[in-house]
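Below is one structure, written out as structure tokens; the observations come after it.
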Amino acid sequence: MGVVILLVMAAGVAAMLTRKLPTAFALVLLAVVIAFVAGARLTGENSVLDTVLQEGAPALAATMIAIVLGSWLGKLLEETGVAATLVRKIVEFGGDRPVVVALGVLAVSALVGTVTGSAPAAMLAGLIGIPAMIAVGIPKVTAAGTILMGIAVGIPFELPLWQFFSTALELPVPTVRGFMVKLFPFALVAAVLYVFVESRRRGVEHTWSLKSVQDGPGSPTRRQRLGDAPWYALLTPAVPLVLALGLELAIIPSLLAGVLYALVTTTRPREMNKRLLRTLYGGFEVAAPPIALFIAIGILLAAVKLPGAVDALEPLVKAVSPQNAVLFVGVFTLLVPLCLYRGPLNVFGLGAGIAGVLISTGIYPAAVVLGMATSYNQVFGVADPTSTQTVWAAQYAGVSPQQVMVRTLPYVWAVALGGLCVTAATYL
């Protein structure tokens, strides 16, 4: 039976890789088939309808709420001009120094990455940041990669992601937070090295130019024309992070505080109601795809945790899972490419199911699986040519996602190695 379940999983991966089915639909179908193969009844306890579908669908509800709030805050950063102002200030400070401009855009991308992930984060930092970098001579591939590497620096502090791993792996938030803090230095060092090495290795390439804007007599103020947010509003991305990381406030209240801070510091009282509703609805549009995915992941996790599935998979998974710390690091570092192209180790796909199997069968403690999943997520978030942020950044810069993957993969692979080493040293 275990072999059959593995074959079903392989078929699911093939369906996602060939785009025969959207990832969310493929995961739900996979969960139902696994449940039936594992001997689950149609209704009742440990059943397909009541356990897998009914209980699995809302299992990650807290994560979905956090995603909505993060998307809402991201929309506020966009509409109020906070993100664009941050990028413009950095470009003005950097002047015609390519590396300084790139490092500044990297820092803004990291801040935005703590608020929201995926394509919205790339757009918030990249709409101005990518043309600005290219204008001062940063190569196109490097410019796109800088945005993505910056977002990856912020990923360890992305509050909705903390909530996802806490709920999916049944770990307390402080445990997730503690490992993310340890992962952050690897992401930061890799990102800074990427900017220095890639910008200098490729040399200066002037391909785009940005028109300079001069203030003329009688013209609108610079802030009115460009939509600059007030300086105190620029602290918005740091507000949820300070509350959740510094004061250890719960994730959802921290995100709500960020929303309120952004609103109060950028909006006149009479316009608050309209802006609140407009950005909230816009946030729902952004959050809809990940919410659908998290519903599917919850269903898949419920299926692989069924007693029949656990009993069938335990001997097979145990036979191929290294327990020695050195082997653990070596094997799972070599398997890093399997999280690309929606592969079986992608935590936002079948990788979530595999994580559930590893925990439910007792092969690894949940904390070890957390280290593996978060390390792989650093790779997926930057180098996967099928991820929305990679596709957007590459296309906006005028290059292919595969070119970005080739340039960024060595750096994020090193981040994954660092995360796996910390995992082995801490938990094995």
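The values are calculated or read from the model by the stated rules, or taken from the named source; none is laboratory data. Keep in mind that this is a model prediction, so the values were computed, not measured. Using ideal geometry, Cβ is built from the backbone for each residue, glycine included, and neighbour counts are taken over all protein chains shown. Heavy atoms of the whole protein, side chains included, go into the accessibility calculation; ligands, DNA and RNA do not. Shrake-Rupley method; radii C 1.70, N 1.55, O 1.52, S 1.80 Å.
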Study note, to complete from the structure: Looking across segment 175-201 at residues that are touching a residue at least 12 places away in the same chain (Cβ under 8 Å) and charged (D, E, K, R), the single one that is least open to solvent (accessible area, probe 1.4 Å) is Glu198
**Study point:** Among the residues listed as Leu313, Leu301, Leu277, Leu245, the single one being in a helix (DSSP H, G or I) and under 19 Å from the mean Cα position of the chain (by Cα)
**Key:** Leu245
**Study point:** From the options Thr388, Thr374, residue that is in contact with a helix residue (DSSP H, G or I) (Cβ under 9 Å, 6 or more places away or on another chain), open to solvent by 10 Å² or more (accessible area, probe 1.4 Å), of a type in the set (S, T, N, Q) and closer than 19 Å to Met149 by Cβ
**Key:** Thr388
Practice item. Considering every residue within segment 73-93, establish whether at least one is crowded, with 24+ Cβ neighbours inside 10 Å, polar (S, T, N, Q) and part of a helix (DSSP H, G or I). Key: no
Practice item. Find the residue count for segment 261-274, including only residues that are surrounded by 15 or more Cβ atoms within 10 Å (Cβ to Cβ) and part of a helix (DSSP H, G or I). Key: 5
Check your understanding: Of the conditions (1) in contact with a Leu (Cβ under 7 Å, 6 or more places away or on another chain); (2) charged (D, E, K, R); (3) at pLDDT 90 or above, Lys140 fails just one. Which one is it?
Key -> (1)
Review point. So which residues in segment 402-423 are closer than 30 Å to Ala135 by Cβ and either open to solvent by less than 20 Å² (accessible area, probe 1.4 Å) or touching a residue at least 24 places away in the same chain (Cβ under 8 Å) (or both), if there are any at all?
Key: Gln403, Val404, Met405, Arg407, Thr408, Leu409, Tyr411, Val412, Ala414, Val415
Check your understanding: If you take the residues in segment 134-174 that are open to solvent by less than 10 Å² (accessible area, probe 1.4 Å) and assigned to a loop (DSSP other than H, G, I, E, B), which one is farthest from Leu409 (Cα to Cα)?
Key -> Gly137
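Pick out the one residue from Thr18, Thr85 that is at pLDDT 85 or above and polar (S, T, N, Q).
Matching residue, one of Thr18, Thr85: Thr85.
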Review point. So Pro410 clears everything in (1) at pLDDT 90 or above; (2) in contact with a Gly (Cβ under 6 Å, 6 or more places away or on another chain) except one condition, right? Which one?
Key: (2)
Revision key, fill the gap. Exactly one of Ala62, Ala66, Ala40 is touching a Gly at 6+ places or on another chain (Cβ under 7 Å) and touching a residue at least 12 places away in the same chain (Cβ under 8 Å), and that residue is Ala40
Check your understanding: Looking at this structure, is Gly353 farther than 25 Å from Leu161 by Cβ and either touching a residue at least 12 places away in the same chain (Cβ under 8 Å) or among the polar types (S, T, N, Q) (or both)?
Key -> no
Point to revise | Cross-chain or 6+ apart pairs with Cβ under 6 Å, segment 12-23 first and open to solvent by less than 80 Å² (accessible area, probe 1.4 Å), then among the charged types (D, E, K, R) | key: Met16/Arg342
Practice item. Go through (1) crowded, with 21+ Cβ neighbours inside 10 Å; (2) in contact with a Leu (Cβ under 8 Å, 6 or more places away or on another chain); (3) among the hydrophobic types (A, V, I, L, M, F, W, C) and name the single condition Leu358 misses. Key: (2)
